[in-house]
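The values are calculated or read from the model by the stated rules, or taken from the named source; none is laboratory data. Treat the numbers as computed from the prediction; the structure is a model and nothing was measured. Every residue, glycine among them, receives a Cβ derived from its backbone with ideal geometry; neighbour counts consider all protein chains shown. Just so you know, the surface numbers come from the protein's heavy atoms only, side chains and all, with ligands and any DNA or RNA stripped out. Shrake-Rupley method; radii C 1.70, N 1.55, O 1.52, S 1.80 Å.
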Amino acid sequence: MEAAVIATAVSILGSAYYTKANADRQKKAIKRSNAYMAESAALQDQQAKLALAERQRKNKNLLAQQQARYKAKLGSIGLDGKSGTGQTYLNAMQKEYDMEDKYLVNQAKISSDALLNSLNHSTGTNLLKLNSINQASQNNMYGTLGNLVSGISRTMIK
């Protein structure tokens, strides 16, 4: 009879151990996933900022080239680009550049916000999974204790 009690206890405790070990592995995997997603999002955000800076640099260089070309054209026909129609045209070029730059910055912000929202969504989902695993582990612990008491009681009654 004592052997049956011990066998029952060992069986129930062994099952509980493997269930707990599996829950711990799942928790670690979720935490690794959160860390990976955060690192990936940070790298994507950094890459987007670098791409934005490069695009802004190219646009500024293009503006400078266009303005220099226009000033040279005005100079070749004997006009000055500092007043009148020439200045108006140069101002329009600058305004167009400023609008394009603002558009690029806004697009980068939208992209960054979308990336952050995606990261927050995934982290929230993983938090729900962790809570579910914790609840299942707690329920399993109570079930194991109940099974252990029930098994020992049945074995002792026999």
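May I ask you to verify whether N120 is without any contact (Cβ under 8 Å) to a residue 40 or more places away in the chain, closer than 30 Å to N34 by Cα, surrounded by 11 or more Cβ atoms within 10 Å (Cβ to Cβ) and within 20 Å of the chain's Cα centre (by Cα)?
Details: without any contact (Cβ under 8 Å) to a residue 40 or more places away in the chain: yes; closer than 30 Å to N34 by Cα: yes; surrounded by 11 or more Cβ atoms within 10 Å (Cβ to Cβ): yes; within 20 Å of the chain's Cα centre (by Cα): yes.
Yes; evaluated as a whole, the condition is true for this residue.
Under 6 Å between Cβ atoms, at least 6 apart or on separate chains: pull out the pairs that start in segment 66-81 with a residue that is of a type outside the set (A, V, I, L, M) and end on any residue that is at pLDDT 85 or above.
Qualifying pairs under 6 Å: Q66/M93; Q67/L90; Q67/M93; G81/K71; G81/L90.
Any residue at all in segment 77-95 that's under 17 Å from A51 (Cα atoms) and open to solvent by 60 Å² or more (accessible area, probe 1.4 Å)? Working first, answer last.
Here is the first cut: in segment 77-95, the residues under 17 Å from A51 (Cα atoms) are none.
For segment 77-95, residues under 17 Å from A51 (Cα atoms) and open to solvent by 60 Å² or more (accessible area, probe 1.4 Å): absent.
Check whether at least one residue in segment 34-51 is in a helix (DSSP H, G or I), closer than 30 Å to M141 by Cα and out of contact with any His (no Cβ under 9 Å at 6 or more places or on another chain), and report yes or no. Steps first, please.
First, pick out the residues of segment 34-51 that are in a helix (DSSP H, G or I): 34-51.
So of that shortlist, the ones also closer than 30 Å to M141 by Cα come out as 34-35.
Next, only the ones that are out of contact with any His (no Cβ under 9 Å at 6 or more places or on another chain) stay: 34-35.
Taking every residue of segment 34-51 in turn, at least one turns out to be in a helix (DSSP H, G or I), closer than 30 Å to M141 by Cα and out of contact with any His (no Cβ under 9 Å at 6 or more places or on another chain).
Given the structure, is L63 within 26 Å of K109 (Cβ to Cβ) and assigned to a helix (DSSP H, G or I)?
Details: within 26 Å of K109 (Cβ to Cβ): yes; assigned to a helix (DSSP H, G or I): yes.
Here the answer is yes, as L63 does meet what is asked.
In the list L145, L115, which residue meets the criterion of being of a type outside the set (S, T, N, Q) and within 22 Å of A41 (Cα to Cα)? Quick ask: steps written out before the conclusion?
Details: L145 fails: within 22 Å of A41 (Cα to Cα).
That would be L115, the only listed residue that is of a type outside the set (S, T, N, Q) and within 22 Å of A41 (Cα to Cα).
How many residues does segment 69-90 contain that are modelled with pLDDT under 90 and part of a helix (DSSP H, G or I)?
Taking segment 69-90 and keeping what is modelled with pLDDT under 90, we get 70-90.
Adding the requirement that they be part of a helix (DSSP H, G or I) leaves 70-76, 84-90.
So the answer is 14.
Just checking, how many residues over segment 26-69 are closer than 30 Å to T125 by Cβ, surrounded by 12 or more Cβ atoms within 10 Å (Cβ to Cβ) and basic (K, R)?
3
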